[in-house]
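Presented below is the structure to which this report refers.
The values are calculated or read from the model by the stated rules, or taken from the named source; none is laboratory data. Model, not experiment: these values are computed from the prediction. Virtual Cβ from ideal backbone geometry, glycine too; neighbours counted across all protein chains shown. For the accessible areas, the whole protein counts, side chains as well, though only heavy atoms, and no ligand, DNA or RNA atoms are used. Shrake-Rupley method; radii C 1.70, N 1.55, O 1.52, S 1.80 Å.
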Amino acid sequence: MKTLITISIFLIFSQIYAAEYSPVPDSVYIGKHPEAAVPFDLTTLKSLWEKRILAIKKDGQLPVIDIESSFDSGKINAKNYAKSMDNNQIALTAFSPQVGMEKYKDNGTLWHDGARRAVGADPSRYIPTSTSGIYPVFTKDPSAFVQETISRVEKENYPIMGEFEFRHYMSPRQYKRGETYRDVAVSLDSDAGHKLFRFSDRSGISFQIHYEIEDTLLAPLEKMLTKYPNAKVIWCHLAQVRYSSRAKNYGPNYVRHLIENYPNIYFDLAFGDAGSVYPGSREHHARVWNNPGHGVKQAWIDLITDHPYRFLAALDIGGDRMDHVSKNTKTLRAFIGNLPKETQDVVAYKAAWKLIFNEDISVR
Ligand SMILES: [Zn+2]
């Protein structure tokens, strides 16, 4: 009888966890929701986030912190997005808002309050993240945008900064749409780059770079990492090589060299599946995979297993692919599933937690 009661209680609780990792917010477009107060209260948010991660674990699932996604807050419904996160056991998302061309043109603004609105609508799921460093806000005047970012991050207490596009080819979608303005080159060692690295070096707040893999871009990166050893840099899209002819020196050995020589370089794991082809070169650009259906190259598995805290799960949701949570989670989990069990936990959420809070997460 006692055993039966215990089993029943266990079942009831596991169903509660499974059904509701955190309250699902009302149906509202995030862009219309009132802003959360700033400076952000990271102590309160941290305890909500811990609870949510724990609930997903208790449900027997591997929670994921999505360290890199961006969005148009006017088009995203808080309730629907929360449900798609729950269905895929995405615990948290560092969702960075985008300033659209129209808003930029109308009043020259370099900033978007979307992260405040996201946290206001759903504090259990959103890590407040600074505005995306993409076209036009970053590309048109990189220094001015970095300056604005630094002042907001300091004033409003953002724990992480969004992705800055220093070298960016058109994505497969942009390529097909002919959006050549998304072919971007801003030197990493420009005034804007120095400002950003210097701020991160001083504050310990991490930032993300989109930096296509080209041999000629590796030396400037190493120069900046040497000059600013405490800057926390997340190089997005591990091993996403779009033109192999331009990237002869890059591979797991080179990434190992970076990790073993520079204490604060990290990599996110947002890349295409094994079948994904870059239209500009017609090459399979996600180089971590063996041929489709044949898993991950062993050298990448070995590297990540040796240095798991340098690798971060990410979905890379964007304004033109906000409905890709399930698809991108499937690719991400297919990759993570090749790693040893303990490494999976680190890469899925422990590494992100440590990066943001400088301490280990207390859930086991
Ligand atoms: Zn990117």
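Summary table below
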| quantity | calculated |
| --- | --- |
| Residue count for region 220-241, restricted to those that are farther than 19 Å from Val296 by Cβ and crowded, with 18+ Cβ neighbours inside 10 Å | 8 |
| Filtered residues of region 105-141 (kept if aliphatic (A, V, I, L, M), surrounded by fewer than 24 Cβ atoms within 10 Å (Cβ to Cβ) and more than 19 Å from Arg167 (Cα to Cα)) | Leu110 |
| Of all residues making up region 146-178, the number that are within 16 Å of the ligand (Cβ to nearest atom) and hydrophobic (A, V, I, L, M, F, W, C) | 5 |
| Flag if Ser69 is at pLDDT 95 or above and of a type outside the set (A, V, I, L, M) | yes |
| Which numbered condition Ala144 misses (of (1) in contact with a strand residue (DSSP E or B) (Cβ under 8 Å, 6 or more places away or on another chain); (2) surrounded by fewer than 24 Cβ atoms within 10 Å (Cβ to Cβ)) | (1) |
| Unmet criterion (only one of (1) within 25 Å of Trp353 (Cα to Cα); (2) within 20 Å of the chain's Cα centre (by Cα)) for Arg287 | (1) |
| Subset of region 178-193 (residues that are in a helix (DSSP H, G or I), modelled with pLDDT of 95 or more and under 22 Å from the mean Cα position of the chain (by Cα)) | Ala192, Gly193 |
| Residue ID - farthest from the chain's Cα centre (by Cα), chosen from residues in region 213-235 that are closer than 17 Å to Ala314 by Cα and within 16 Å of the ligand (Cβ to nearest atom) | Val233 |
| Hits in region 28-60 (condition: surrounded by 16 or more Cβ atoms within 10 Å (Cβ to Cβ) and in a loop (DSSP other than H, G, I, E, B)) | Val28, His33, Ala36, Val38, Phe40, Asp59 |
| Condition met for Tyr181 (in contact (Cβ under 8 Å) with a residue 60 or more places away in the chain, over 19 Å from Ala352 (Cβ atoms) and within 16 Å of the ligand (Cβ to nearest atom)) | no |
| Tally of residues being more than 26 Å from Phe199 (Cβ to Cβ) and within 14 Å of the ligand (Cβ to nearest atom) across region 241-267 | 2 |
| Residues of region 160-203 classified as open to solvent by 10 Å² or more (accessible area, probe 1.4 Å), more than 23 Å from Gly319 (Cβ to Cβ) and not small (Gly, Ala, Ser), total | 7 |
| Hits in region 147-185 (condition: within 23 Å of Pro279 (Cα to Cα) and in contact with a Pro (Cβ under 7 Å, 6 or more places away or on another chain)) | Pro172, Tyr175, Lys176 |
| Residues being modelled with pLDDT under 95 and within 13 Å of the ligand (Cβ to nearest atom) - total across region 135-145 | 1 |
| Which numbered condition Tyr126 misses (of (1) of a type in the set (Phe, Trp, Tyr); (2) within 15 Å of the ligand (Cβ to nearest atom); (3) within 15 Å of Phe71 (Cα to Cα)) | (2) |
| Flag for Ala270 being within 16 Å of the ligand (Cβ to nearest atom) and of a type in the set (A, V, I, L, M) | yes |
| Matching residues, region 226-271, being within 22 Å of Ser171 (Cβ to Cβ) and among the acidic types (Asp, Glu) | Asp268 |
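Per-residue answers, yes or no, for (1) open to solvent by less than 40 Å² (accessible area, probe 1.4 Å); (2) closer than 15 Å to Ile160 by Cβ; (3) out of contact with any Leu (no Cβ under 8 Å at 6 or more places or on another chain):
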{"site": "Glu68", "(1), (2), (3)": "yes, yes, no"}
{"site": "Tyr81", "(1), (2), (3)": "yes, no, yes"}
{"site": "Ser96", "(1), (2), (3)": "yes, yes, yes"}
{"site": "Lys103", "(1), (2), (3)": "no, no, yes"}
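Matching residues to (1) more than 19 Å from Ser171 (Cβ to Cβ); (2) at pLDDT 95 or above; (3) under 14 Å from the mean Cα position of the chain (by Cα):
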site: Asn291; (1), (2), (3): yes, no, no
site: Pro308; (1), (2), (3): yes, yes, no
site: Phe311; (1), (2), (3): yes, yes, yes
site: Asp323; (1), (2), (3): no, no, no
site: Thr329; (1), (2), (3): no, yes, yes
site: Pro340; (1), (2), (3): yes, yes, no
site: Ile356; (1), (2), (3): yes, yes, yes
